[in-house]
Structure formats: C-alpha cells, structure tokens
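A.B. asks: Quick one: the structure is below, and I'll ask about it shortly.
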Amino acid sequence: MTVKEKIDRLRAELHRHNYNYYVLNAPEISDKEFDDLMRELQELEKEHPEYQDDNSPTMRVGSDLNKNFTQVAHKYPMLSLGNTYSESEVTDFYERVKKALNEDFEICCELKYDGTSISLTYEDGKLVRAVTRGDGEKGDNVTDNVKTIRTIPLVLHGNYPKSFEIRGEILMPWVVFEELNREKEAREEPLFANPRNAASGTLKLQNSAIVASRKLDAYLYYLLGEELPCDGHYENLQAAASWGFKTSEHTRKAHSLEEVFEYINYWDTERKNLPVATDGIVLKVNSLKQQKNLGFTAKSPRWAIAYKFQAERALTRLNKVTYQVGRTGAVTPVANLDSVQLSGTIVKRASLHNADIIEGLDLHIGDMVYVEKGGEIIPKITGVDKDARGMLIGEKVKFITHCPECGSKLIRFEGEAAHYCPNETACPPQIKGKIEHFISRKAMNIDGLGPETVDMFYRLGLINDTADLYQLKTDDIKNLERM
Ligand code: IVH
C-alpha cells in the first residue's frame, strides 16, 4: 500500500468512526483505538504535507491561526419564520394553507432549536463553506470553527446531490453550557446568559482550537438545492441523515390539525428532558411543490410558522427589594423571593429592571409574584397574583431616592428608564466596577487581577482609580492574602 492509500484509508475509517460515535451514538471501537488511529493519521500528514486535505478528520482539532472572518453572500437568503405564541394562530395558519392549496397536504412538525443558525455548502460530498445568518443576505464565513463540530460531516457518504446547501442550528448542550459558566465564574469572567449566546459567541471566536474544546452540537433541518432527492421535506431530511447529517429524531409528519396539536402539547412538557435548548415548534408544509405554490412574504415563508412555548413560570412570595449599583452608576432593583423551583434550578432573586416596571406591576411587599425564566440565567418578575392579597396588604414598593451604597441623591435622565447615582468619583461599587471593567479581558486584559482582589485593594485604600493600579508597589501587596 502506498502512503497516499494508507492516508486515504485512515481518513475514511476515522470519518466513519466519528459518525458512529457522534451522530449514531453507536461506537464500534474504543476511544483509545480511535485516538491511536487519529495519531497515526496526524503523523503521516505531518510527514507528507503534499497530501494535505482541508476535510481530513484531523482538521477537527482546530487551530489558533484563524484570522478575521470574511463575509459571504448567501446563495439563497436566510429568512426567518413568522412567530406566534397562540394556538388560535396555529389554527389560522393551518386553515390558510388548506384554503390556498385546496388539496391534501402534510405538515412536518419539528422542534424549534434555540441556538444560532448556520448554512453549510457541500460540493462533491465535501463541506466547502459554513456561513452564519448575518443579516440574512450575507454572513460570516466560519468554516474553520464549524469543522471542529463533530456532528457536522466533513465528507458525506451514500447518494448525495453534487451540490447543495443544508441549514440548521448550532447549539451548546445544557451540560456544556453549565460547565462553561462554572469555569467562567471561577475565573471571575462574565457569564453567558443562555446556551444560545454561548453557542453564537463560541462560533465567532478567532481561535478554532478553543471552539473545538467547547463541544458544540448541530441539528440540520432545511435542505436547499436544484437536485434534491424527493418532493417531501421530511423525506429529504431522512435522505440527509443517510448521507451522515445529524437531523432531529423527533420530527414527525401530521395529517390533521389535531395531530399538529398533539405534537405541540407533547413537546411543551417533554422538551425539558432534551439535552439542548428548544423554544418552540416549527410547522412546515411538507411538499416542496406546495411550498413553492405558497411562496414567501417579504420576510418569511407562507408555508411555515413557528409556535413558541410560553416561558416557564412559578409563583412565589416577594420578601423585599434590594438595589444594586453598577459601574456606570445605574441602579438595578432586585426582587428577593421565597426560594422556588423553576426550570430545574432554585430561584431566590429576580430582576425588576427599573422603576417603571415596578410601578406597572403595582408591587407590594408580601405579594405573590410570577417569576419567569426563558433560558436566561437571571429570571424576571412578570406579574402579581392580586387575588392572593389578603386583608393585610404589604407596603407598596417605592423606588429608592438615594444611593444604597453612598447615600447620594439619585438622578434620572430625561427619557431614560434607569436611575443613576451621580457620585462617580466616590461611590464604592462605581469605583470598583470601573477598575474591574478596565482590567477585564475585553479591555486591558490584566491577568491575575479579578473583582475580589480589586475589592481588597480598594478596602485597604491601595487603589481609588485605574491609574492607581500602576502605582502599586510590591511592598504594599506582597504580604496580602491571595498574593
Ligand atoms: S426553518 C425559511 N426549522 O428559527 C425557514 N428554523 O425564525 C428557515 N430554527 O432562523 C428556518 N429550529 O435559526 C427552521 N426546525 C427548525 C428550526 C429553525 C430553529 C431557527 C432558525 C431560524 C429561526 C426562525
């Protein structure tokens, strides 16, 4: 066997094992055997750069040499879907389609994955480009990063069209998201609010080796091209699965409005057991011919609609409202609650945003309040159960007039929702917040200095503004805790 044949054989074998492991969840060899094959291929490729291939399984480890993303025009614009939260609008959609088509039709019911959308182009069975949605007309070329996602095939198998696009959602599974935030917390870095932001933030990283370590996943749900195998969208997705793509195993065809609602109602609760975030259901007319007849409005297809789930809600007691002062002096009201279980976590605090929101809710201490958490880290208060108020109604929540940290009178700028503490130079959280912002990764990126150290230096009177950081003497700090 020549070296080239050896390399080709190893690549084919690794593509197959990768697919078995990540897409089918059915590995045929041990992790150790897989790693050994990978190492063997890496060594051969290093010795023989003349056989370099952009779609080799070794490309999945990423590199730290990627440069800025270039913009690429989408061949077919990336549109979004009409959204609704109401069941009656789902009925309206169904009736509209029925009337317009005036013939039998099927509806393909899918989960609406809550990640970041991606468009993949394949030519001759090879991934050639991965582009973000961008503004719908053009997006960022993130191919190097996408190649690190193991469930996205670099090379296809079976009977695929010569040239096509496939679109889907890149997701960060809940467990990966939670782990990443735990690590960020330990490093005193700002957390990702939800897995969607984490997935899109990761996809835009300049270093694909870090992307590779973030364990993103992808579900593909939309094929585009001139030579697709079937007229049915559902059938095309099944074909795509046979070429090596990960498609959702929960997609179903419905033949009546009742079946559509059965699907919606089932997933409204069952989605909580999925490993990734979903925020609704997507309904699509299955036949591509019928889709074409229905066409598009300026923004979205007439043949599809997204039904969004209500965010999860819990009822609990409001005990008090406290106020946080940020680096800009903005004052945020925080509801302190009786602990309550919500979407798998215990919630004790929720954001109240600003004085207008508090006023609009007509909040009183002791009220039973509704807390919602739509995949966000910080839950919010969305309503008050006024019927639960007894004879003894608590004190009305009034926004504070003075800063809880320094006592200054708060101000509110014309047309702005937030209250501010104007004491920029002597209000502790503003001073510390500004210094923390200055040293943070996106600003000066000063290693080894986090909020807790800033807090200690400030308490000891060693720093009062960012300039003081440069006056710190080794003698001042060498004997301090954590130094
Ligand atoms: S179909 C022209 N199917 O939801 C229709 N989209 O506003 C193309 N999404 O941008 C989209 N799951 O990022 C489709 N099963 C699914 C989806 C889905 C999530 C996202 C997608 C799109 C947005 C729709």
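The values are calculated or read from the model by the stated rules, or taken from the named source; none is laboratory data. Given the structure is predicted, the values throughout are model-derived calculations rather than measurements. Methodologically, a virtual Cβ is constructed for each residue, glycine included, from the backbone with ideal geometry; neighbour enumeration extends over all protein chains shown.
A.B. asks: Assess whether residue 159 counts as being of a type outside the set (Phe, Trp, Tyr), surrounded by fewer than 17 Cβ atoms within 10 Å (Cβ to Cβ), out of contact with any Phe, Trp or Tyr (no Cβ under 9 Å at 6 or more places or on another chain) and touching a residue at least 60 places away in the same chain (Cβ under 8 Å).
C.D. replies: Criteria not met by residue 159.
A.B. asks: Sticking with this one: For region 67-122, what are the residues that are within 16 Å of the ligand (Cβ to nearest atom), of a type in the set (Phe, Trp, Tyr) and part of a loop (DSSP other than H, G, I, E, B)?
C.D. replies: 76, 85
A.B. asks: Do we have any residue at all in region 61-81 that's of a type in the set (Val, Ile, Thr) and without any contact (Cβ under 8 Å) to a residue 24 or more places away in the chain?
C.D. replies: No: region 61-81 contains no residue that is of a type in the set (Val, Ile, Thr) and without any contact (Cβ under 8 Å) to a residue 24 or more places away in the chain.
Per-residue answers, yes or no, for (1) more than 28 Å from residue 75 (Cα to Cα); (2) in contact with a strand residue (DSSP E or B) (Cβ under 9 Å, 6 or more places away or on another chain); (3) part of a loop (DSSP other than H, G, I, E, B):
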| position | (1), (2), (3) |
| --- | --- |
| 169 | no, yes, no |
| 180 | yes, no, no |
| 184 | yes, no, no |
| 191 | yes, no, yes |
| 209 | yes, no, no |
| 218 | no, yes, no |
| 230 | no, no, yes |
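A.B. asks: Out of 411, 381, 358, 435, which single residue is over 30 Å from residue 314 (Cα atoms) and buried (at least 18 other Cβ atoms within 10 Å of the Cβ)?
C.D. replies: That would be 435, the only listed residue that is over 30 Å from residue 314 (Cα atoms) and buried (at least 18 other Cβ atoms within 10 Å of the Cβ).
A.B. asks: Just to be sure, is residue 225 free of Cβ contacts under 8 Å to residues at least 12 places away in the same chain and either surrounded by fewer than 19 Cβ atoms within 10 Å (Cβ to Cβ) or of a type in the set (D, E, K, R) (or both)?
C.D. replies: no
A.B. asks: Right, something else. Can you find a residue in region 190-207 that is modelled with pLDDT of 90 or more, surrounded by fewer than 18 Cβ atoms within 10 Å (Cβ to Cβ) and among the β-branched types (Val, Ile, Thr)?
C.D. replies: No; the residues of region 190-207 include none that is modelled with pLDDT of 90 or more, surrounded by fewer than 18 Cβ atoms within 10 Å (Cβ to Cβ) and among the β-branched types (Val, Ile, Thr).
A.B. asks: Restricting to region 256-277, name every residue that is within 13 Å of the ligand (Cβ to nearest atom) and either assigned to a loop (DSSP other than H, G, I, E, B) or modelled with pLDDT of 95 or more (or both).
C.D. replies: 263, 267, 274, 276, 277
A.B. asks: With the condition kept exactly as written, say whether any residue in region 136-156 is out of contact with any Lys or Arg (no Cβ under 8 Å at 6 or more places or on another chain), within 25 Å of residue 250 (Cβ to Cβ), modelled with pLDDT of 95 or more and surrounded by fewer than 22 Cβ atoms within 10 Å (Cβ to Cβ).
C.D. replies: There is no residue in region 136-156 that is out of contact with any Lys or Arg (no Cβ under 8 Å at 6 or more places or on another chain), within 25 Å of residue 250 (Cβ to Cβ), modelled with pLDDT of 95 or more and surrounded by fewer than 22 Cβ atoms within 10 Å (Cβ to Cβ).
A.B. asks: Let me ask another. What are the residue pairs meeting all of these: first residue in region 277-298, first residue in contact (Cβ under 8 Å) with a residue 12 or more places away in the chain and among the polar types (S, T, N, Q), second residue assigned to a helix (DSSP H, G or I) and more than 11 Å from the ligand (Cβ to nearest atom), Cβ atoms under 6 Å, and 6 or more apart or on different chains?
C.D. replies: Every condition considered, the pairs that remain are 278/271; 286/234; 290/101.
A.B. asks: Select from region 305-324 the residues that are away from the ligand (no atom under 13 Å from the Cβ) and touching a Gly at 6+ places or on another chain (Cβ under 7 Å) and list them in ascending order.
C.D. replies: 311, 317, 318
Residue by residue, here is whether (1) buried (at least 18 other Cβ atoms within 10 Å of the Cβ); (2) under 25 Å from residue 195 (Cα atoms) holds:
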site	(1), (2)
253	no, no
274	no, yes
278	yes, yes
281	yes, yes
306	yes, yes
314	no, yes
324	no, no
342	yes, yes
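A.B. asks: Go through region 260-270 and count every residue that is in contact (Cβ under 8 Å) with a residue 60 or more places away in the chain and surrounded by fewer than 19 Cβ atoms within 10 Å (Cβ to Cβ).
C.D. replies: So the answer is 2.
A.B. asks: Quick check: is even one residue across region 233-255 in contact (Cβ under 8 Å) with a residue 40 or more places away in the chain, in contact with a Lys or Arg (Cβ under 7 Å, 6 or more places away or on another chain) and away from the ligand (no atom under 15 Å from the Cβ)?
C.D. replies: No, because not a single residue in region 233-255 is in contact (Cβ under 8 Å) with a residue 40 or more places away in the chain, in contact with a Lys or Arg (Cβ under 7 Å, 6 or more places away or on another chain) and away from the ligand (no atom under 15 Å from the Cβ).
A.B. asks: Among the listed residues 44, 79, 101, which satisfies the condition of being surrounded by fewer than 18 Cβ atoms within 10 Å (Cβ to Cβ), within 30 Å of residue 192 (Cβ to Cβ) and of a type in the set (A, V, I, L, M)?
C.D. replies: 79
A.B. asks: Of the residues that sit in region 168-210 and are in contact with a helix residue (DSSP H, G or I) (Cβ under 6 Å, 6 or more places away or on another chain) and among the hydroxyl-bearing types (Ser, Thr, Tyr), which one is nearest to the ligand (Cβ to nearest atom)?
C.D. replies: Result: 202.
A.B. asks: Identify, by number, the condition in (1) within 19 Å of residue 169 (Cα to Cα); (2) at pLDDT below 95; (3) among the hydrophobic types (A, V, I, L, M, F, W, C); (4) surrounded by fewer than 16 Cβ atoms within 10 Å (Cβ to Cβ) that residue 128 doesn't meet.
C.D. replies: Status for residue 128: all satisfied but (2).
A.B. asks: Now for a separate question. Looking at region 278-304, which of its residues are under 16 Å from residue 90 (Cβ atoms), assigned to a strand (DSSP E or B) and near the ligand (Cβ under 10 Å from one of its atoms)?
C.D. replies: Answer for region 278-304, where residues must be under 16 Å from residue 90 (Cβ atoms), assigned to a strand (DSSP E or B) and near the ligand (Cβ under 10 Å from one of its atoms): 279, 280, 281, 282, 283, 284, 301, 304.
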